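Have a look at the structure below before the remarks.
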Amino acid sequence: MSRYYGTAVWCGLALLVSAGPDVRSVQPTAEVIADTLDAWRFPVGERLEYSVTWGAARIARSALTVEAVDTIAGTPVYRTSLEMKGGPPFYRIDDRQVSWIRPSPMASLRFDQQLRQGGYRRDRRHILDAEAGTYTRYDMRDGSYARHDKEQAVPIPVGALDDVSFFYFVRRSPLRMGERYEYERFFKKKGNPVVIEVLRREEIRVPAGTFKTIVVRPIIKTSGLFSEGGRAEIYVTDDERRIPVRVKARMSIGTANLYLTKYEPGRPGSLIDSPSG
């Protein structure tokens, strides 16, 4: 099992794509993206919990949560987290990734990773300066974060997003049947374009219940679960919530699945732009 398994699964969720046999390519400009995105609608406390399986074996659990409202450089932001814990006895996973998201205009302002995958460890922070159009990376060294020697003031696209914030970006975006979307918004250049294609509608049952879904396919520039050859499928609810209820990815060594086990909608009145603040 790859040491990047947990991260790869969730990167695929974050970079949703939908594709059909006659797909029309759409490459929106930053202005068009801003105009077509719905308002942020994921209140503090929204939590999605998943069971992660490999073949017939349950190997981990995962959760995506809107944890709180914070402030970055005087700007109100949502702090969101993506966690995965478990793994087989010989390969333990304990990952936590956190993204601080400015909702309007949408952009990531900070991205932290704490990854524990088998014997692999990573503690890394990215500070994204939306005004300057750059990011700087920091790595944990001797108990504190130190600036990376090379990744300093690296250019980023307008409205740059990280692995976790891209998930919310797509949940706010239109997913129209028969269209293929290409976005140049991942903060690291080598990750672009992020492709979003729409396959079909399907009703499915998972531990959290029965849902009418739109089936989408992520295509990411990687050799992992969500590469073009992986033929991954993600099932999101066919409503304004766009909840991913199942993820399926076939590989030569088996099939990985995430199944929604619990959904908590969050606290009313906890949106940044709500009257209650």
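Ranked for footprinting exposure by Cβ neighbours inside 10 Å, fewest first, TYR183, TYR138, TYR120 give TYR120, TYR138, TYR183. The fraction of all Cα pairs in the range 65-204 landing in successive 10 Å bins from 0 to the largest distance is 11, 34, 35, 17, 3, 0, given as whole percents. Relative contact order of the range 74-180: what whole-number percent is it, with Cα pairs under 8 angstrom and at least 6 residues apart? About 20 percent, as a whole number. Taking a Cβ cut-off of under 11 Å around LEU271, the surrounding Lys, Arg, Asp and Glu residues balance to a net charge of 0, with basic ones at +1 and acidic ones at -1.
Taking 30 Å as the straight-line reach from the Cα of LYS262, the lysines in range (excluding those fewer than 8 positions away in the same chain) are LYS85, LYS212, LYS248. Counting beta carbons within 10 Å around each of SER144, SER81 and listing the fewest first gives the order SER144, SER81. Taking amide H as placed 1.01 Å from N in the peptide plane, the amide H of THR213 sits under 5 Å from that of GLU202, GLU203, ILE204, ASP238, each at least 5 places away or on another chain. The fewest-to-most ranking of THR80, THR237 by surrounding Cβ atoms within 10 Å reads THR237, THR80.
Each reported figure results from applying straightforward, stated rules to the coordinates on display, with no laboratory input. Just so it is clear, the model here is predicted, and its values are computed rather than measured. Cβ sites come from the backbone with ideal geometry, for glycine too, and all protein chains shown count toward neighbours.
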